[in-house]
1. With the other protein chains left in place, how much accessible area per residue, in square angstrom, belongs to region 1-74 at a 1.4 angstrom probe?
2. Collect residues whose amide H, placed 1.01 Å from N in the peptide plane, falls under 5 Å from the amide H of Thr12; neighbours closer than 5 in sequence don't count.
3. Residue by residue, what Karplus-based ³J(HN,Hα) values in Hz, rounded to whole numbers, does region 42-53 have, using 6.51, -1.76 and 1.60 with θ = phi - 60° and x for Gly and Pro?
4. List, in order, the whole-Hz ³J(HN,Hα) value for each residue of region 72-80 obtained from phi through the Karplus relation with A = 6.51, B = -1.76, C = 1.60 and θ = phi - 60°; use x for Gly and Pro.
5. To the nearest 20 debye, what is the magnitude of the charge dipole of region 1-100 about its Cα centre, counting +1 on the Cβ of each Lys and Arg and -1 on the Cβ of each Asp and Glu?
6. Between (i) 26, 22, 14; (ii) 32, 17, 11; (iii) 34, 13, 9, which matches semi-axes √(5λ) of the Cα gyration tensor in Å calculated for the structure shown?
7. Rounded to whole Hz and in sequence order, give me ³J(HN,Hα) for region 61-67 from the Karplus expression 6.51 cos²θ - 1.76 cosθ + 1.60, θ = phi - 60°, writing x for Gly and Pro.
Amino acid sequence: MDSSKIEINVTTDENKVPEQIIWSAPQANVINKEAKAMILAMWDKDERNTLRIDLWDKEMEVEEMKFFVHQTILTLADSFERATGEDKMAATMRDFCDYYAEKMNLQPNS
């Protein structure tokens, strides 16, 4: 059986606020990549519930967080569609992302 490892290291200040998030996935050739934010969700099959960790560093700007949430929901719609074949609901999720982008005044990166 093959396995792979993803490592996440979070450096915090004296108040336990993240200052730096570094992750590595050696089998994907990602070594010590810095991230400003992360959302990690795992399904607990026994509890039938989602376990979640969401962190962002103290330098994360509000505008960056708006884009991060927008892109996370878009990629979640893609994952949901691939996993379930529920293309109509995935399209609804993407419609919400359009609405969100409009209300948050998100402009595409130029």
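1. 81 Å²
2. Residues meeting the amide H criterion: Glu19.
3. With coefficients 6.51, -1.76 and 1.60, one gets 9, 8, 8, 5, 6, 8, 6, 8, 8, 9, 9, 10 Hz.
4. For region 72-80, the Karplus-derived couplings read 5, 5, 4, 5, 5, 4, 4, 5, 4 Hz, x marking Gly and Pro.
5. Working: 12 positive and 21 negative charges, 51 e Å.
It works out to roughly 240 debye.
6. Recomputing semi-axes √(5λ) of the Cα gyration tensor in Å here picks out (i).
7. For region 61-67, the Karplus-derived couplings read 8, 4, 4, 5, 5, 4, 5 Hz, x marking Gly and Pro.
The values are calculated or read from the model by the stated rules, or taken from the named source; none is laboratory data. Since we're looking at a predicted model, the values are computed, not measured. Positions of Cβ are backbone-derived with ideal geometry, glycine not excepted, and every protein chain shown enters the neighbour counts. Accessible surface is based on the protein model in full, side chains and every heavy atom, while ligands, DNA and RNA are left aside. Shrake-Rupley method; radii C 1.70, N 1.55, O 1.52, S 1.80 Å.
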